[in-house]
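Participant: Before I ask anything, here is the structure I am working with.
What follows is calculated from the coordinates using simple rules that are stated; it is not laboratory data. This is a predicted model, so every value here is computed, not measured. With ideal geometry, Cβ positions are generated from the backbone for all residues, glycine too; neighbour counts draw on all protein chains shown.
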Amino acid sequence: MGTSATKTDNALLIKQLGDSMLAFEKEFPLSSFQAGGFKQHPSVTLLTCSDSRMPVEIFGSSFNYIFAVENIGNQFRTAEGSVLYGLHHLHTPLMIIAGHTDCGAIKAAESNFLEEPLGIRNELSVVKDSLEKIIHQSGVTVTDNPDLRYTQLSELNVDMQIDLLLANEHVFNLVGDNKLLVIGVMVDLHNIYEEGYGRVYTVNINGETDTDILKSFTGLGMFGEQAKRLTHY
């Protein structure tokens, strides 16, 4: 019975994937793609967590618009070359680093993960190092309340990725020349911020974390309006 159920589920999954591929073919944006010489011209480089609850489409249709880099815990150092390719070669004017509530990588980085396969240990070690460094730098005391702790840590993790990004001379110069805007956001999948499920909050812009200052930035639309953090320092 168990085997039969699995086969049935797999058959349904294959059909759904086939339907999706047919829909992509039918809706393929040929005219705009052709107008761009069939090359990629993204406007956003996105570093986000590979968690399946964090689809790239949060920020709109991704085709030739978002250069997406995904890994556990949205770590810059895990995918530095891919991120820098989006900024250095594709020249996207916007860089978004997206964390989220209930991040499994953040939780795992605080646990004993020595029994995990080497590849997972390597990536979790990067996450763990990011958290340790930003907590030390910021002097923040993270709450023990499990409902808030991992969201606070995820916020701080986004801050750390932006710090690491800005430590790159090329990126720092792009920001200084107003050729690049770096925005750090948190996606609230669990209503931790108590304003609704799925809401996106801006927690950091170009290294600035003061939400009052972020809200005063002009020309940022919802990114400025929805500046909010659990952790202040």
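Participant: Can you tell me which residue in the stretch 167-188 is nearest to L87 (Cα to Cα), limited to those that are β-branched (V, I, T) and assigned to a strand (DSSP E or B)?
Facilitator: V182
Participant: Quick one: in the stretch 165-174, which of the residues that are over 19 Å from the mean Cα position of the chain (by Cα) and hydrophobic (A, V, I, L, M, F, W, C) is surrounded by the fewest Cβ atoms within 10 Å (Cβ to Cβ)?
Facilitator: Once the filter is applied, the top-ranked residue is F172.
Participant: If you take the residues in the stretch 131-148 that are in contact (Cβ under 8 Å) with a residue 12 or more places away in the chain and part of a helix (DSSP H, G or I), which one is surrounded by the most Cβ atoms within 10 Å (Cβ to Cβ)?
Facilitator: Per the stated criteria, the residue is I134.
Participant: Hey, any hits in the stretch 42-56 for a residue that's touching a strand residue (DSSP E or B) at 6+ places or on another chain (Cβ under 6 Å) and part of a helix (DSSP H, G or I)?
Facilitator: Yes, the conditions are met somewhere in the stretch 42-56.
Participant: Please find, among T92, T151, T78, the residue that is more than 22 Å from T209 (Cα to Cα), outside any loop (DSSP other than H, G, I, E, B) and among the polar types (S, T, N, Q).
Facilitator: None of the others qualify; the one that does is T78.
Participant: Please work out if K128 is assigned to a loop (DSSP other than H, G, I, E, B) and among the basic types (K, R).
Facilitator: no
Participant: Also, I was wondering about something else. Cβ-Cβ distance below 9 Å, separation of 6 or more or different chains: which pairs start in the stretch 60-71 with a residue that is part of a loop (DSSP other than H, G, I, E, B) and end on one that is crowded, with 17+ Cβ neighbours inside 10 Å and small (G, A, S)?
Facilitator: These pairs meet every condition: S62/A68.
Participant: Mind listing whichever residues of the stretch 181-213 are more than 21 Å from I58 (Cα to Cα) and buried (at least 21 other Cβ atoms within 10 Å of the Cβ)?
Facilitator: Of everything in the stretch 181-213, just one residue is more than 21 Å from I58 (Cα to Cα) and buried (at least 21 other Cβ atoms within 10 Å of the Cβ), namely T209.
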